[in-house]
């Protein structure tokens with residue numbers, strides 16, 4: 001056999017990863033993994049205008065806040081808390097036992113999530129931007 005290694009074109013490996021997703025996860029975790037991954041976008045509206053949004057990723061029995069943003073002029077009105085609470089309700093519905101969020105360490109976003117009941121799990125050093133990442137978690141069940 002002769003192999004060539006090259007960079008794939010965008011989307012070229014989608015079929016490969018779809019076909020072998022359970023296999024690579026099974027080898028990684030040493031048991032047959034059933035991995036149901038979902039994305040949920042949650043929005044807060046003022047009339048028809050979106051003023052805040054949260055992207056929730058659910059994989060296996062874990063929920064993760066991928067992104068949360070509230071327009072600056074609409075902050076400090078409880079919108080972020082409502083979005084997080086709604087995401088936790090969705091995660092609970094799908095039997096997630098834990099929610100996570102990754103934010104920059106010792107910054108306002110970390111304080112926000114801590115005020116929502118999240119606890120610091122780890123601080124990961126990031127050398128690219130010299131800003132450490134705080135991994136926060138909240139147990140739901």
Taking only the stretch 28-56 into account, find how many residues are over 21 Å from residue 99 (Cβ atoms), outside any loop (DSSP other than H, G, I, E, B) and at pLDDT below 90. 1
Return yes when residue 101 is in a strand (DSSP E or B) and at pLDDT 95 or above and no when it is not. yes
Assess whether residue 91 counts as being assigned to a helix (DSSP H, G or I) and either touching a strand residue (DSSP E or B) at 6+ places or on another chain (Cβ under 6 Å) or closer than 30 Å to residue 21 by Cβ (or both). yes
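The values are calculated or read from the model by the stated rules, or taken from the named source; none is laboratory data. If you're wondering where the values come from, they're calculated on a predicted model, not measured in any experiment. Cβ sites come from the backbone with ideal geometry, for glycine too, and all protein chains shown count toward neighbours.
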